[in-house]
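Read through the structure below, which is laid out as structure tokens, and then see the notes.
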Amino acid sequence: MQDVQETDTLAAPALARSRRRRTLSPGIKPTGRLQNIEPQPLEQSQKRLAWRAELEKQIAGLQVWTSQFSGSLRSRLGTVTADIMTQSTSLTSRGMRQIVSAWQRTDFRAVPQRIQAARRHFLLYCHLRLSDRSLNRLLFVSSPEQSDLAKLLAGAEQHSATTDRPIPQRVFNWALKAIHGETKSCTFVDCKAGRGRALVLASRHPFEAIVGVEPSATLHDDALMNISQFPRSLMACRTIECLHSDPADLPIADESAVYFLFAPPGRAAMEQLIGRIVASYRQQPRRLYIVAVDPRHIDIIENSEVFEPIAYPLATRIKASLFSPFRIAAYRTLV
């Protein structure tokens, strides 16, 4: 027991020294003495401090430059954006005012009429320039130019006696379908002959005689030229006459007749013409026909108590509704 106690007493100082070594800082050498610490060089620490200060100075300058650049950039972009927005707003407001003004001026009720007029203009061009090309070569004076087709559709013939309205060949034949087979005993009367296009087209049908009336001297001369130059081999009726006279003074034939109305006169002249036809019919009842292309003042005919409408064949109605630039109608007397 005594030996054990002596051994513990001797080992205690060594354990204490080992514990002190473990608690020493890493910078102290394990010599067991605090007085032996080696200090870091002073010059190295001063250089680090100077380098850190310079770095902080550079960072501060960079931050100042960045803030100034970003502020200037934002101010410039803000000015440009403001100018763009101002110009865009002025242009937009001006455009909106123009759109509103155009909207107020637009009569949308007239849009279907404009579409219908454009369709008629296209169909008339196709008829006169394409379908009637062979017929135009046979005429001494052909149909008017393309620039005049809009006037023809607008019905300018009511305002000028020198206006010619050429009838397309197919439309003329469709209009006569209502009286097909009844033309041999009738006289064809064109109430406004123009350049005689309808007269030469009627000559290809077996009428008894053909008479036309034209108030314009220029158009009357052109009609005489077209009739004289048209090939006789193509005529089924060669008795053709064109008179220089007013449609209201149209001679009323005593026999059966077909009165063709494509360029009807004004309402007053139309009433006078229909009145003379009705009076002649009542004096001598006979078969009379009225064929109207692009009909005007139809109420005068329907209220005459003499004429009744004629129904066209179904095929003709379909063709006319799809491909004719003008509406067609036909009437006959009650006898």
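No value in this document is a laboratory result; all are computed from the given coordinates. All of these numbers come straight from a predicted model, not from anything done at the bench. Virtual Cβ from ideal backbone geometry, glycine too; neighbours counted across all protein chains shown.
List the residues whose amide H sits under 5 Å from the amide H of residue 328, counting only those 5 or more places along or on another chain, with H placed 1.01 Å from N in the peptide plane.
HN-HN under 5 Å from residue 328: 294.
Could you rank the peptides 187-199, 118-130 by their average count of other C-beta atoms within 10 Å per residue, with the highest value first?
For the peptides 187-199, 118-130, the packing ranking is 187-199, 118-130.
For residue 241, enumerate residues with amide H under 5 Å from its amide H, sequence gap 5+ or separate chain, H modeled in the peptide plane.
The answer is 210, 211, 212.
Determine, at each q value in 0.10 (inverse angstroms), the log₁₀ of I(q)/I(0) that the Debye formula gives when each Cα of region 122-333 is one equal point scatterer.
The calculated log intensity ratios at q = 0.10 Å⁻¹ are -0.39.
Taking +1 at the Cβ of each Lys and Arg and -1 at the Cβ of each Asp and Glu, which of 247, 295, 216 sits farthest along the dipole of region 122-333 towards its positive end, judged by Cα position relative to the Cα centre?
295
For region 291-304, just list the computed ³J(HN,Hα) in residue order, Karplus coefficients 6.51, -1.76 and 1.60, θ = phi - 60°, integers in Hz, with x standing in for Gly and Pro.
My calculation for region 291-304 gives 10, 10, 10, 6, x, 10, 6, 5, 4, 5, 6, 5, 8, 6 Hz in order.
In terms of the ratio Rg/(2.2 N^0.38 Å) built on C-alpha atoms, what value belongs to region 225-335?
1.18
Express in nm, to one decimal, how much length is gained between residue 276 and residue 117 on full extension, taking 0.36 nm for each residue of separation and deducting their alpha carbon distance.
Value of the extension gain: 53.9 nm.
Taking the highest mean first, how do the peptides 240-249, 227-236 order by number of other beta carbon atoms within 10 angstrom per residue?
240-249, 227-236
Under 15 Å from the 7 Å Cα→Cβ point of residue 284, by amide nitrogen: which residues of region 172-207?
The answer is 186-188.
In debye, nearest 20: dipole of region 122-333 around its Cα centre with unit charges on the Cβ of K, R (+) and D, E (-)?
800
Residues with beta-carbon under 14 Å from that of residue 225, excluding residue 225: net charge, scoring Lys, Arg +1 and Asp, Glu -1?
Cβ neighbours under 14 Å give a net charge of -2.
Please compute the net charge surrounding residue 331, taking Lys and Arg as +1 and Asp and Glu as -1 over other residues with Cβ under 10 Å from its Cβ.
Neighbour charge sum, excluding residue 331 itself: -1.
Which residue, chosen from 304, 272, 180, occupies the Cα position most advanced towards the positive end of the dipole of region 122-333, where the dipole is computed from +1 (Lys, Arg) and -1 (Asp, Glu) charges on Cβ about the Cα centre?
My answer, from the dipole projection, is 180.
Taking 22 Å as R0, compute the FRET efficiency from the Cβ-Cβ separation of residue 238 and residue 217 and round it to 0.05.
Working: r = 25 Å, r/R0 = 1.13.
Taking R0 as 22 Å, the efficiency between residue 238 and residue 217 is 0.30.
Full extension from residue 133 to residue 254: what is 0.36 nm times the residue separation minus their Cα-Cα distance, to one decimal in nm? Walk me through the intermediate numbers first.
Working: separation 121, 0.36 × 121 = 43.56 nm, distance 3.70 nm.
Gain on stretching residue 133 to residue 254: 39.9 nm.
Kindly write out, for region 249-255 in residue order, the coupling ³J(HN,Hα) from the Karplus curve 6.51 cos²θ - 1.76 cosθ + 1.60 (θ = phi - 60°), rounded to whole Hz, with x marking Gly and Pro.
9, 4, x, 8, 6, 7, 9
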